[in-house]
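Q: Shown below is the structure under consideration.
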Amino acid sequence: MTDRIVLAYSGGLDTSVAIGWIHDATGADVIACAVDVGQGGEDLEVIRQRALDCGAVEAYVADARDEFANDYCMPALKTNALYMDAYPVVSAISRPVITKHLVTAAKRFGASTVAHGCTGKGNDQVRFEVSITSLAPELKCIAPVRDLALTRDKAIDYAERKGLPIATTKHNPFSIDQNVWGRAIETGFLEDIWNEPTKDVYSYTDDPAFPPVADEVVLRFERGIPVAIDGRPVTPLQAIEEMNRRAGAQGVGRIDIVEDRLVGIKSREVYEAPGAMALIAAHQELERVTLEREQSRFKRQVSDRWTELVYDGQWFSPLKKSLDAFVDDTQHYVNGEIRMQLHGGRATVTGRRSETGLYDFNMATYDEGDAFDQSQARGFIEIYGLAAKQAAARDVANGRGEDLGEDTTGAQA
Ligand code: ARG
């Protein structure tokens, strides 16, 4: 039987050409696999037909929007995942869900190999291939751009020569990857890191410098997951979509950073993730109300490690799974509501309430009803400061006391 290769197919020029290119180079039959993770654009059926018209022997299409929102975006939200404190791992979390479908398609159609359209310089090739090995160690991987010399110019030439039903004229100055969690824009004039992003870079967000009137939103979370907006029940997908619209209209979630790629390159990345950034801000504040202090402090470390693993293509790794269990356990009491004002590029928390929070008015108040026994503080500080006090006394005795500087008060000794 002829060898079969499943190709991650977007419907665009490069992967449309890749169908024939892979067949010519390897002799294998190509099965196109298109996955909807909320990237918008063309209908899946249009994409399926184009794949077949470009020479695919089969086309597998999947609407994975809810799956992506539930099983990939929500774990990222529970973790408050921000790579380098800035990037909400938009592309990094889409690769594992796409991979699941690639592997499913490979099994269904008896393919030996999975192909993707990534270059040899980025993170995404690593994420695809490490995810594939983690799910199906027997599958092989191939990347036509990286392994079969499929350049942009050759793709245009090939499409025109073979009369493929795909536009080759559209000049796209950027490399863009988008899904419901956000949008990544890179290359072109953004490679000069002093250049300011131009207006055409953005599509999920409006200019925060000219915002419409402020928008107030109340988000309800249960176990760390958004379940209602302004009192209306929502699924995770609906919550992200609505916040993309509302926070996007206010220009919330524009990010412009130089980032450390796994392959060692520093690269300039522009992102827009209005829904993700607003949801993370709200979730993080609700955690400040509901998580016990030590759990909260430790979770920040777990969150950093989780985010690095996911960024580095280790979504299906054992450590990532173990950290998921920790994060899930912390979310038990993350229930309640956050009120936020969306305006001029910011999502500002203005109120919070939780039936399972640890904020205790009677402990916190300086007014009538104070339940905190201040007299206990003296003894606490005495013991808490004891180790520092003993060390300081030793320093003084050894002439190594803290330098207090010149006495400039003019006081007589
Ligand atoms: N640098 C980001 C990441 O590694 C985004 C990559 C997006 N890919 C693209 N073709 N623009 O997660």
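FYI, it's all coordinate maths here, none of it is from the lab. Keep in mind it's a predicted model, so treat the numbers as computed, not measured. Note: ideal-geometry Cβ built from the backbone for every residue, glycine included; neighbour counts use all protein chains shown.
Q: Please verify whether Leu77 is away from the ligand (no atom under 11 Å from the Cβ), among the hydrophobic types (A, V, I, L, M, F, W, C) and in contact with a Ser or Thr (Cβ under 9 Å, 6 or more places away or on another chain), treating the condition exactly as stated.
A: Spelling it out, it is not the case that Leu77 is away from the ligand (no atom under 11 Å from the Cβ), among the hydrophobic types (A, V, I, L, M, F, W, C) and in contact with a Ser or Thr (Cβ under 9 Å, 6 or more places away or on another chain).
Q: Which of the residues that make up the range 168-206 are exposed (fewer than 12 other Cβ atoms within 10 Å of the Cβ) and either touching a residue at least 24 places away in the same chain (Cβ under 8 Å) or away from the ligand (no atom under 15 Å from the Cβ) (or both)? Working first, answer last.
A: Taking the range 168-206 and keeping what is exposed (fewer than 12 other Cβ atoms within 10 Å of the Cβ), we get 169-172, 191-196, 198-200.
Those that are exposed (fewer than 12 other Cβ atoms within 10 Å of the Cβ) and either touching a residue at least 24 places away in the same chain (Cβ under 8 Å) or away from the ligand (no atom under 15 Å from the Cβ) (or both): Thr169, Lys170, His171, Glu191, Asp192, Ile193, Trp194, Asn195, Glu196, Thr198, Lys199, Asp200.
Q: May I pose another question? Kindly list, by first and then second residue, each pair from a residue in the range 389-405 that is free of Cβ contacts under 8 Å to residues at least 40 places away in the same chain to a residue that is assigned to a loop (DSSP other than H, G, I, E, B), limited to pairs with Cβ atoms under 6 Å and residues at least 6 apart or on different chains.
A: Asp395/Gly401
Q: Can you give me the number of residues within the range 116-167 that are within 16 Å of the ligand (Cβ to nearest atom) and of a type in the set (A, V, I, L, M, F, W, C)?
A: Counting residues in the range 116-167 that are within 16 Å of the ligand (Cβ to nearest atom) and of a type in the set (A, V, I, L, M, F, W, C) gives 8.
Q: Just name the residue that is farthest from the ligand (Cβ to nearest atom) out of those in the range 242-278 that are among the polar types (S, T, N, Q) and over 16 Å from the mean Cα position of the chain (by Cα).
A: Only one residue fits best here, namely Gln250.
Q: Now for a separate question. Quick one: Ile229 ticks every box in (1) within 16 Å of the ligand (Cβ to nearest atom); (2) surrounded by 15 or more Cβ atoms within 10 Å (Cβ to Cβ); (3) free of Cβ contacts under 8 Å to residues at least 24 places away in the same chain; (4) of a type in the set (Val, Ile, Thr) except a single one, so which number is it?
A: Against the list (1) within 16 Å of the ligand (Cβ to nearest atom); (2) surrounded by 15 or more Cβ atoms within 10 Å (Cβ to Cβ); (3) free of Cβ contacts under 8 Å to residues at least 24 places away in the same chain; (4) of a type in the set (Val, Ile, Thr), Ile229 comes up short only on (1).
Q: Mind telling me which of the residues Ala106, Ala111, Ala81, Ala69 ends up being crowded, with 20+ Cβ neighbours inside 10 Å, out of contact with any Phe, Trp or Tyr (no Cβ under 7 Å at 6 or more places or on another chain) and not in a helix (DSSP H, G or I)?
A: Within the list Ala106, Ala111, Ala81, Ala69, the selection yields Ala111.
Q: Assuming Glu216 fulfils every condition listed in (1) over 15 Å from Arg268 (Cβ atoms); (2) more than 16 Å from the ligand (Cβ to nearest atom); (3) among the acidic types (Asp, Glu); (4) free of Cβ contacts under 8 Å to residues at least 60 places away in the same chain apart from one, which condition is it?
A: Result: Glu216 fails condition (4) only.
Q: Which number in (1) within 14 Å of Arg346 (Cβ to Cβ); (2) not in a strand (DSSP E or B) marks the one condition that Glu241 misses?
A: (1)
Q: Do you know which of the residues in the range 28-48 that are in a loop (DSSP other than H, G, I, E, B) and more than 18 Å from the chain's Cα centre (by Cα) is farthest from Pro96 (Cα to Cα)?
A: Among them, the one singled out is Ala28.
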